[in-house]
Every structure is written in C-alpha cells, then in structure tokens.
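A.B. asks: If you scroll down you'll find the structure; I have some questions about it.
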Amino acid sequence: MKTLKIAIQKSGRLNEKSVELLKNCGLSFENYKSSLISTVSNFPLEILFLRDDDIPEYVQDGIADLGIVGENVISETEVDVSYLQKLGFGKCTLKLAVQNNSDIQNINDLNGKAIATSYPVILKKFLDKNNIQADIRTISGSVEISPGLGLSDAIFDIVSTGGTLKSNGLKPFADVLSSEAVLIGRKGEESNPLIIELIQRIQSVLRAKETKYVVLNAESKNLDKIVKLLPGVKSPTVVPLAEEGWVAVHTVIPERDFWEKISLLKSAGAQGIVVMPIEKIIL
C-alpha cells in the first residue's frame with residue numbers, strides 16, 4: 001500500500017502540538033528538528049516539515065496527502081482541499097486593531113484609511129463584504145508596529161492573548177475570522193483506508209483530551225442518584241466492594257462538565273473520588 005505523506009509546520013506555533021498529536025497517535029519517528037522529512041517506523045507514513053504557507057498547496061497538488069495547518073492559512077491561500085478534522089489547538093482570532101487614541105469608532109470609519117496586514121486576501125474579502133474602501137498595505141511580520149510608525153491607521157492580524165497588541169498601544173476593534181489547527185486532505189482521497197485509520201487514531205486522542213476517568217465509592221442506597229449523574233461513554237461501570245452495602249463506580253466525565261459533576265456527585269453521597277487522565281478513547 002502507498003505510503004502516506006503528511007505535511008506539518010517545521011517551526012512556529014503549531015509545530016510542537018502537531019508533533020505531540022502524531023506521537024500520541026502511536027506514531028514513532030525521530031530527527032524531525034534536523035530534517036525536512038521523517039519516516040514513521042510503525043505506520044506507512046512520512047512527515048514533511050514545511051513553512052505553514054506552503055502546506056495547503058502541497059496538499060492540493062498531491063505532493064502531500066494530508067496536512068496540519070491553521071484555518072487562517074487555508075483561507076489566505078484560497079486552496080481547494082478537504083477539511084478532515086478540527087484539532088483543538090492553535091486557536092486564535094484574526095482581528096482588526098487600532099491605536100488606543102484612534103478616532104476610528106466603527107467599521108465604516110475604515111473607509112479611506114490604511115490597514116497593515118500579513119493577510120491581504122482575508123482582509124479584502126471582509127472589506128468588500130462590508131462595502132469599505134481602504135488601502136491594504138501588505139507587511140511580512142511586525143504588523144503591530146506600523147500604526148506607531150505612521151505606516152497605517154489600523155492593523156489586521158492574528159490575536160491569541162492580546163498581549164502583543166497591548167504592548168504596542170493597540171486595542172482590538174473587530175473580530176473577522178476565528179481559526180484553529182485542522183487536518184486537511186486532498187480532494188477525492190478521503191476514502192483511503194490509511195487516511196481513515198489515521199483520522200480514527202487522531203479522534204481517539206482528541207476524545208481522551210476532552211474527558212476524565214473518574215472512580216468513586218458510594219453506598220448502594222445512593223447508587224441510583226449517582227448513576228443518573230454519570231452517563232459515561234455508554235453507562236457507568238459498577239463494581240461491588242468488599243464492604244457490604246458499598247460499590248465502586250467507574251465512569252468518564254467530559255472536561256467541560258467536570259467540576260459541576262464533581263460537586264453534584266459529592267452532594268449525592270460519592271466518596272473517595274479519584275480522577276485520572278485518559279490516553280485514548282476508541283469507539
């Protein structure tokens with residue numbers, strides 16, 4: 001069977017998480033920092049380490065079968081690829097920002113203004129959609145300093161925490177596009193058995209990150225109340241304890257509901273609650 005190729009970022013904010021995800025999928029590979037390509041020893045896969053801007057085109061043109069890249073990069077390069085799986089990391093928002101003392105109060109105030117950005121394609125679509133005529137000034141890197149240098153009236157850039165904006169005397173003005181890392185594939189190749197298997201591995205890792213494994217003790221008389229709180233993957237596992245009238249309950253709780261569920265469990269009579277991380281969940 002043909003060896004798959006997956007392209008990921010060689011360096012940058014998505015590199016570490018992409019490598020971590022692939023290794024958590026049970027893939028064994030080495031020397032990725034000193035090479036542009038690494039062969040997985042226990043799965044028919046080669047990993048290509050590229051500039052993030054190049055990844056969508058490599059996938060579109062069939063040089064790579066798969067890629068891990070931010071949605072913002074795909075939108076900017078306007079490639080035709082399949083979105084196979086959102087990955088839950090690399091989350092950010094593309095925002096318009098202005099100086100703290102700017103007289104720009106709403107989007108219409110951008111008419112006739114200069115906007116600095118590294119994402120001219122996305123910005124132009126947004127401006128066209130809102131019937132705004134502005135001077136788009138494409139800058140590669142250090143977009144945040146352009147208003148202070150008098151190069152632009154506003155900027156359009158990736159914002160993760162907002163710290164860089166604040167340190168440059170800028171404030172967010174409008175959200176344009178939310179983005180996170182996604183697994184992409186070449187159109188028409190979605191049914192490849194190896195791609196399906198790799199996606200299943202990725203999904204099992206993602207499900208595990210979103211959940212906690214919980215074991216608790218409870219008196220049998222409280223079991224019905226506790227079970228109603230814990231649907232688990234299908235239903236909680238209940239095991240009798242050596243002490244008569246007591247049971248151990250094993251279940252899985254979504255991370256988003258964790259603390260609320262723990263409080264409800266304690267109120268329902270749960271004791272000795274043990275919480276453990278989950279490596280993988282395979283459905």
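Bear in mind that the values in this text are calculations on the coordinates, not laboratory data. Just so we're clear, the structure is a prediction, and the values are computed from it rather than from any experiment. Heads up, the Cβs are rebuilt from the backbone with ideal geometry, glycines too, and the neighbour counts pull from every protein chain shown.
A.B. asks: Compute the relative contact order of the range 92-179 as a whole-number percentage, counting only Cα pairs closer than 8 Å that sit 6 or more residues apart in sequence.
C.D. replies: RCO, the range 92-179: 50 percent.
A.B. asks: A further question follows. Ordered by residue, what ³J(HN,Hα) values in Hz, to whole numbers, does the range 111-126 give under the Karplus form 6.51 cos²θ - 1.76 cosθ + 1.60, where θ = phi - 60° and Gly and Pro are x?
C.D. replies: For the range 111-126, the Karplus curve yields 4, x, 8, 9, 10, 8, 6, 9, 10, x, 5, 4, 4, 4, 4, 5 Hz.
A.B. asks: Turning to a different aspect of this structure: Going by the alpha-carbon gyration tensor, a ≥ b ≥ c the square roots of its eigenvalues, is the chain rounded (a/c under 1.5) or, if a/c is not under 1.5, prolate (a/b greater than b/c) versus oblate?
C.D. replies: It comes out oblate by the Cα gyration axes.
A.B. asks: Next up: Which distance in nm do the two modelled labels at Asn108 and Asp53 give, with both placed 7 Å along the Cα-to-Cβ direction?
C.D. replies: Once both label points are built, they end up 3.6 nm from each other.
A.B. asks: Near the amide H of Thr211, under 5 Å away, which other amide H atoms are found, from residues 5 or more places off or on another chain, if H is placed in the peptide plane?
C.D. replies: Glu255
A.B. asks: Using Cα pairs under 8 angstrom and six or more residues apart, how large is the relative contact order of the chain, in percent?
C.D. replies: 19
A.B. asks: So, one more: Mind scanning Lys125/Lys171; Lys225/Lys261; Lys86/Lys261; Lys86/Lys129; Lys86/Lys280; Lys225/Lys266 and naming the pairs with a C-alpha gap bigger than 20 Å?
C.D. replies: As for pairs spanning more than 20 Å Cα to Cα, those are Lys125/Lys171; Lys86/Lys261; Lys86/Lys129.
A.B. asks: Here is a further query. Taking the DSSP beta bridges in the chain as the whole, what percent of them are antiparallel, to the nearest 5?
C.D. replies: Within the chain, antiparallel bridges account for around 75 percent of the total.
A.B. asks: Between the alpha-carbon centers of the range 41-56 and the range 6-20, tell me the distance in whole angstrom.
C.D. replies: With the range 41-56 and the range 6-20 each reduced to a Cα centre, they are spaced 9 Å.
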